[in-house]
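The values are calculated or read from the model by the stated rules, or taken from the named source; none is laboratory data. Note that the coordinates shown come from a computational prediction; the quantities given were computed from them, not determined experimentally. Cβ: placed from backbone, ideal geometry, glycine included. Neighbour counts: every protein chain shown. These area figures cover heavy atoms from the full protein model, side chains too; ligands, DNA and RNA do not enter into them. Shrake-Rupley method; radii C 1.70, N 1.55, O 1.52, S 1.80 Å.
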Amino acid sequence: MKQKTLAIMAAGMGSRFGSLKQIHAVVSNYAIIDYSIYDALQAGFNHIVIIVREDILAVFKERYENKLSRNIQVDFVLQNTKKLPKRKKPWGTGHALLSLKNTINNNFALINADDFYGQNAFKLMHDALYKSTNNSNYFIGYQLKNTLSDFGTVSRGECILNKNNELISIKERTNISKEDLKMPLDTIVSMNFWGFTPEVFKITDALFKTFLEENNHSETAEFYIPQVVDYMIKEQISTFIMLESNSKWFGVTYKEDETIVKKQLLKLISEGFYPKKLW
């Protein structure tokens with residue numbers, strides 16, 4: 001069977017949330033990540049790879065190992081920092097991407113654990129990765145106004161597109177808030193829902209080595225996926241095509257976001273988009 005892989009970044013510290021938000025139950029015993037896995041399986045993905053820290057590996061194994069259909073392969077990958085300079089803050093989403101290089105050798109999708117992307121987004125990405133004849137990379141695009149929190153600042157990848165919906169450039173923007181917007185509300189942003197070909201690993205590896213040389217003693221510098229994507233575009237290594245989803249995005253950045261997310265999920269369950277029991 002052809003492997004169709006969804007990788008999930010779940011190694012974050014969740015400092016703004018205050019606990020392990022990646023598997024924090026929002027409805028019944030289910031977290032946002034569970035709805036993403038459900039949506040991915042419905043869309044046709046059959047291989048789930050969860051990126052975790054060593055201290056939470058056992059928790060994730062208990063939750064997902066042997067819990068899904070026997071036709072679904074589940075792997076766990078450590079975002080390992082043992083060979084890196086010691087510090088408390090993680091090294092960023094680009095480092096999480098790099099941790100997959102020895103596990104994945106096919107086209108794959110990559111998402112955040114704590115963002116809800118919607119069923120349509122997973123179907124669009126699955127078909128682009130596994131039914132398209134071109135060898136492009138992809139991302140799901142959202143309008144900035146639909147991705148803000150009422151309770152504090154967020155980080156988003158600001159996207160500049162050409163007329164063919166191909167990325168011209170992307171830049172990680174941090175500390176975005178409703179009260180202090182520095183971009184138009186209809187700006188297209190990335191929520192870290194990517195579709196990559198395996199060539200991304202070689203490029204990410206080289207860029208991360210350069211990043212470490214330049215930030216070896218930093219306690220806060222992070223290596224972001226948009227840095228990799230922007231390099232690939234500028235060097236004309238690959239194109240990145242936006243897949244515009246009609247799904248509603250929502251996520252839990254702050255503890256206060258949880259009430260809104262729960263209400264939206266319960267509405268989707270009542271409308272028949274999700275069963276009460278996912279698996």
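Numerical summary
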quantity: Equivalent ellipsoid semi-axes, the range 158-235, via Cα gyration tensor eigenvalues times 5, rooted, Å; calculated: 24, 19, 9
quantity: Lysines with Cα under 26 Å of Lys163, excluding same-chain neighbours fewer than 8 positions away; calculated: Lys123, Lys131, Lys145, Lys171, Lys182, Lys234, Lys248
quantity: Dipole moment magnitude, nearest 20 debye, the chain about Cα centre, only Lys, Arg, Asp, Glu C-beta charged; calculated: 560 debye
quantity: Whole-percent carbon and sulfur share, accessible surface of the chain, 1.4 Å; calculated: 48 percent
quantity: Range in the chain, longest, excluding exposed trypsin sites (Lys or Arg not before Pro) [loop by DSSP; at most 10 other beta-carbon atoms within 10 Å]; calculated: 183-275
quantity: Alpha-carbon Rg/Rh ratio, for the range 51-169, with Rh computed the Kirkwood way; calculated: 0.97
quantity: DSSP loop GluC sites (Glu not before Pro) with at most 15 other Cβ within 10 Å excluded, longest remaining stretch of the chain; calculated: 66-178
quantity: Asn215 paired with Asp127, simple spin-label distance in nm, labels 7 Å along Cα-to-beta-carbon; calculated: 3.7 nm
quantity: Å² of accessible area per residue within the chain, as computed with a 1.4 Å probe and no ligands counted; calculated: 49 Å²
quantity: Helix runs (DSSP H) in the chain reaching 18 Å along axis by Cα, Kyte-Doolittle at least 0.0; calculated: 200-215, 257-270
quantity: Per residue Cα convex hull volume in Å³ - calculated over the chain; calculated: 134 Å³
quantity: Amide H within-cut-off set for Tyr274, under 5 Å, with H built and near neighbours excluded; calculated: Ile269
quantity: Whole-Hz couplings from phi, Karplus 6.51/-1.76/1.60, listed for the range 150-164; x for Gly and Pro; calculated: 7, 10, x, 7, 9, 10, 9, x, 6, 10, 10, 10, 8, 5, 9
quantity: Value at 222 nm in deg cm²/dmol, rounded to 500, when DSSP H runs of n ≥ 4 in the chain each add -39,500 (n - 2.57); calculated: -8500 deg cm²/dmol
quantity: Where Rh is the Kirkwood radius over Cα pairs, Rg/Rh for the range 41-110; calculated: 1.00
quantity: Under Karplus coefficients 6.51, -1.76 and 1.60, residue-wise ³J(HN,Hα) of the range 166-177 in Hz, glycine/proline x; calculated: 9, 5, 9, 7, 9, 9, 6, 10, 10, 6, 8, 9
quantity: Those aspartates and glutamates that a straight Cα-Cα span of less than 12 Å connects to Lys86, excepting residues fewer than 8 apart in one chain; calculated: Glu219
